[in-house]
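K.L.:
Have a look at the structure that comes next, please.
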Amino acid sequence: MDPAGDGAEFHIPTVGQQHGGNYSCSYRLRSEPFVSSEPSDPVQLVVAVDPLDFTNANVARLGLGAAVLLVLGLILAEAYYSRPRGAP
């Protein structure tokens, strides 16, 4: 809360589109923890999505998929070349 008592700042470390909507604030005094103030006027929270975030996540998924396919290919190649030549 600011020193004048007119506002407060809230840090939200992780937020997604599902968190958007109308929010109100109320407060409680430490001396009366079970009594709350009247809610404030609602404030609309709008969450904008950064398309770059999805692109980075997709690139990471593609890279992981490629790594898995590479490992499987190496396992198959090792199995093929390590078998005896006369075996079926």
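No lab work stands behind these numbers, since they all come straight from the coordinates. The structure presented is a predicted model; accordingly, all values stated were derived computationally and were not measured. All Cβ positions, glycine included, derive from the backbone under ideal geometry; neighbour counts span all protein chains shown.
K.L.:
Sort Ser40, Ser31, Ser26 by Cβ crowding within 10 Å, fewest neighbours at the top.
P.N.:
By the 10 Å Cβ count, ascending: Ser31, Ser26, Ser40.
K.L.:
While we're on this one: Assuming R0 = 41 Å, what is the FRET efficiency of Gln44 and Ser82, from their Cβ-Cβ distance, to the nearest 0.05?
P.N.:
The formula returns an efficiency of 0.05 here.
K.L.:
Explain nothing, just the number: dipole magnitude of the chain about its Cα centre with +1 on each Lys and Arg Cβ and -1 on each Asp and Glu Cβ, in debye rounded to the nearest 20.
P.N.:
Computed about the Cα centre, the dipole is about 940 debye.
K.L.:
With θ set to phi - 60°, apply the Karplus curve 6.51 cos²θ - 1.76 cosθ + 1.60 along region 38-47 and write out the HN-Hα couplings as whole Hz, x wherever there is a Gly or Pro.
P.N.:
Each residue of region 38-47 in turn: 5, x, 6, 4, x, 10, 8, 9, 10, 9 Hz.
K.L.:
Looking at (i) 59; (ii) 39; (iii) 30, which value of percent of Cα pairs over 24 Å apart comes from a calculation on the structure shown?
P.N.:
Derived directly from the coordinates: (i).
K.L.:
With runs of 4+ DSSP H residues as the only contributors, calculate the mean residue ellipticity of the chain at 222 nm using -39,500 (n - 2.57) per run, divided by the residue total and rounded to the nearest 500.
P.N.:
Taking each H run of at least 4 residues, the total per residue is -13000 deg cm²/dmol.
K.L.:
Any chance you could give the angle, 0 to 90 degrees and rounded to 10, that helix 51-82 forms with the longest Cα principal axis of the chain?
P.N.:
Approximately 20 degrees, to the nearest 10.
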